Amino acid sequence: MSILKGKKVVIIGDRDGIPGPAIEECVKTAGGEAVFSATECFV
Amino acid sequence: MNSVIKGASYVLVHTPDMVVENGSTQTTERIVNPESDYLKQLPKHIRSYEQALGYLPNQTYIGNCTPDELAKVEQPWYDKPCEGKRFGKFGEIMPQEEFYLLMQVCDVFDLMYLEKSFVAAVKPTFEKHPLITPEIVARVHEGVEQEQIEAFVKEEHAEPILHGGKLVGYVKRAHDVDVNLSAHVILENLVSKASSVLSLLHVVHNTGIDKGDVDYVIDCCEEACGDMNQRGGGNFAKAAAEIAGLTGASGCDVRGFCAGPSHAMITAASLVKAGTYRNVIVTAGGCTAKLGMNGKDHVKKDMPVLEDMVGGFSVLVSQNDGISPEINNGICGRHAVGTGSSPQAVISSLVLEPLQKAGLKITDIDRYAVEMQNPDITKPAGAGDVPLANYKMIAALAVKNGDLERAGLNAFVQEHGMAGWAPTQGHIPSGVPYIGFCCEDILAGRVKKAMIIGKGSLFLGRMTNLFDGVSFIIQENSHESEEGGVSEGQVKSLIAKAMRDFALSLGAAGTEESR
C-alpha cells in the first residue's frame with residue numbers, strides 16, 4: 001500500500017462500481033492525498 | 001392491509017433522429033468537436049425501426065420474451081435478431097413518427113409544430129392505434145408550412161424535429177430569456193410527458209381499470225418542469241393524467257434520480273394502505289438526453305448504437321383484492337445519510353438490514369430486481385454487467401452473513417438474479433422493469449417473495465456527495481380482501497391484545513391477593 005504514500009491522487013469513481021468517497025477512504029488510509037474525487041454515472 | 005399491484009405497462013419509443021439531435025453525448029460533441037469522426041460515423045450505426053423491433057431485450061421489455069428466456073440466449077444479443085412485434089402483453093414499441101404526433105398532442109401551449117404533409121401521412125396510422133382515443137386524435141393539429149419550420153429553427157432558437165434526417169417540425173422556446181422554458185427543455189419535457197401518457201394508456205388497458213377510478217398519479221422520471229421562479233415546480237403526473245383522460249386523478253412528482261421509481265412505489269403503497277387513495281398509478285416517461293449516451297464506444301466497436309429507445313412504464317397500486325401480489329410495507333430497505341457509500345454498505349442497507357429486521361435470510365427472497373440495465377449496452381462501453389455486479393454483491397453478503405455457502409455463490413446469482421434487459425434510461429431500468437413479470441411469477445406460484453431495489457446517484461445534482469437507494473418486497477397475496485375476512489396481521493393483533501388483557505388480569509388478580 002506504500003505506493004500511494006505522499007502522493008496526490010485524482011479519483012474518478014463509478015456509480016455501479018466503487019464510488020469516489022469509498023476510494024477516497026482507501027487512499028487516506030494508504031497515506032495518499034485525494035486532491036479530487038468524483039463519482040460518475042454511465043447508465 | 002397491504003396494497004396490491006393490479007398490473008404494469010412498459011413502453012418503448014424508437015427515436016433514431018433524436019439520438020443524433022438530442023442525446024447529450026452528441027450535442028456535447030457538436031459543441032466541442034463538431035468535425036469529429038464520431039459524428040460522421042454515427043448515422044451509419046443508427047438502427048431502423050424493424051431492427052429495433054427485432055432486438056430481444058426490447059421484446060423482453062414489452063413482455064414478448066421472459067427474462068429467463070433472454071438469459072438463455074448467449075450475449076451479445078444485438079447480432080441475433082428475433083421476431084419483432086410492435087405490441088406485447090405489457091405495452092408496445094412505438095415508431096418515431098407516431099410519437100411526434102403524440103408529443104404534439106401533449107403540447108397544450110402551442111409550442112410544437114409539425115409539417116402539414118408529415119401530419120397528413122402519419123395521422124391515419126395514429127388514429128388506428130387501439131389505445132389512442134378520439135379525444136387524443138382531436139388534439140392533433142393540421143400542421144404548418146415547411147418555410148415556417150425553417151424560419152423558427154434558423155431565427156427563433158427553436159429545436160428542430162427530424163424524421164429520416166428531414167426537418168419535419170420544431171419545438172419553440174416558451175420564453176425569450178427564461179432558460180427553464182427554452183426550446184431544449186420544453187422538448188425534453190414533452191418527450192417525457194408523451195412517453196408517460198403512452199404508458200398510462202397501456203396500464204389502464206392492461207388492468208381494465210375505469211379511467212375515472214384512478215385517484216392519484218405519481219410521476220417518478222428525472223426531468224424537471226417549471227420556470228425561472230420555480231425551476232422544478234413540477235407535476236408531470238397531473239399533466240400526463242390530463243392527456244390520458246384520468247379525469248378523477250390528482251397527482252404529484254417524486255424525484256430521486258434512478259431511485260425515483262422505488263421511492264414512488266413505496267409512497268403509492270403507503271397511500272393506498274393508509275386508505276388515503278384507492279387507486280394510485282406510478283408512472284414515468286423517458287429521457288432524450290441519455291439517447292446514445294455510450295454511442296462513442298458502440299461506434300468504435302462497429303456496433304449499432306443501442307441507446308435509441310425512449311422508455312416508459314406505469315404500475316397500478318390498488319386496495320387489496322385478495323388475489324393480486326402485495327407490496328409489504330413492513331420490509332423496506334433504505335440507504336440512510338450515515339450509511340456510507342461503499343458497495344457493501346449500500347447493499348447491506350438495502351438488502352440485509354431490512355431482511356434481518358423481518359427475520360428473513362437473503363436466500364428467502366426468490367428474485368431480486370436490481371439495476372436491470374442491458375449488458376449489451378454497458379459492457380462494450382466498459383461499464384460492465386451492472387445487474388451481475390449487484391447480484392454478486394448480494395450473494396457475497398449472503399455468504400458473509402452465513403445464509404449461503406461460498407460454493408453456492410454462482411448458483412445464487414443464477415437462481416435469484418436475472419440478465420438485464422432495460423434501456424439505459426436512468427430511472428427506467430432501476431428495479432421496476434421486473435414488476436410486470438414479478439406479478440406473473442407470483443400469481444403462477446413460481447415466486448413467493450421478490451425484492452425491488454432502486455439506487456440513485458444524488459451526487460450528480462452537486463447538492464450532496466451522498467448515494468441513495470430504497471427497496472421493497474412484493475409477495476404472494478394473503479388471500480384476504482379489503483372488503484372482508486381477517487388478515488394475518490389482524491389475527492396477530494387480536495392474539496396480542498388477548499395476551500395483554502390476560503396478563504393485565506393476572507396482574508390485577510395478584511394485586512388483589514397481595515392486599
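Would segment B:220-239 turn up any residue that is closer than 28 Å to A:ASP16 by Cβ, in the same structural domain as B:VAL105 (by TED's automatic domain parsing) and of a type in the set (S, T, N, Q)? No - not one qualifying residue is present in segment B:220-239. In this structure, B:LEU460 does not qualify as within 14 Å of chain A (Cβ to nearest Cβ), at pLDDT below 95, surrounded by fewer than 24 Cβ atoms within 10 Å (Cβ to Cβ) and assigned to a loop (DSSP other than H, G, I, E, B). Just one of the listed residues (B:GLU69, B:GLU115) is in the same structural domain as B:ARG139 (by TED's automatic domain parsing) and touching a residue at least 12 places away in the same chain (Cβ under 8 Å), namely B:GLU115.
Within segment B:192-215, how many residues are outside any helix (DSSP H, G or I) and surrounded by 24 or more Cβ atoms within 10 Å (Cβ to Cβ)?
Initial filter on segment B:192-215 (outside any helix (DSSP H, G or I)): B:208-210, B:214-215.
Subsequent filtering for residues that are surrounded by 24 or more Cβ atoms within 10 Å (Cβ to Cβ) retains B:214.
Residues in segment B:192-215 being outside any helix (DSSP H, G or I) and surrounded by 24 or more Cβ atoms within 10 Å (Cβ to Cβ): 1 in total.
Looking only at segment A:25-43, which residues are more than 12 Å from B:SER341 (Cβ to Cβ), part of a strand (DSSP E or B) and more than 8 Å from chain B (Cβ to nearest Cβ)? Once the filter is applied, which keeps residues that are more than 12 Å from B:SER341 (Cβ to Cβ), part of a strand (DSSP E or B) and more than 8 Å from chain B (Cβ to nearest Cβ), segment A:25-43 yields A:GLU33, A:ALA34, A:VAL35, A:PHE36, A:GLU40. Given B:HIS205, B:HIS163, B:HIS141, which one is in contact with a Ser or Thr (Cβ under 9 Å, 6 or more places away or on another chain) and either at pLDDT below 95 or of a type outside the set (A, V, I, L, M, F, W, C) (or both)? Matching residue, one of B:HIS205, B:HIS163, B:HIS141: B:HIS205.
The set of residues in segment B:155-191 being touching a Leu at 6+ places or on another chain (Cβ under 7 Å) and in a helix (DSSP H, G or I) consists of B:ILE186 alone.
Scanning segment B:169-193 for residues that are under 15 Å from B:PHE152 (Cβ atoms) and basic (Lys, Arg) gives B:LYS172, B:ARG173. Can you say whether A:ALA22 is crowded, with 19+ Cβ neighbours inside 10 Å, among the hydrophobic types (A, V, I, L, M, F, W, C), facing chain B (nearest Cβ under 8 Å) and closer than 16 Å to B:THR464 by Cβ, as far as the supplied structure shows? When the stated conditions are applied, A:ALA22 passes them.
Could you list, in sequence order, all residues of segment B:47-69 that are in a loop (DSSP other than H, G, I, E, B) and surrounded by 19 or more Cβ atoms within 10 Å (Cβ to Cβ)? Selection gives B:ARG47, B:TYR55, B:ILE62, B:GLY63, B:ASN64, B:CYS65.
The values are calculated or read from the model by the stated rules, or taken from the named source; none is laboratory data. As the structure is a prediction and not an experimental result, all values here were calculated from the model. Methodologically, a virtual Cβ is constructed for each residue, glycine included, from the backbone with ideal geometry; neighbour enumeration extends over all protein chains shown.
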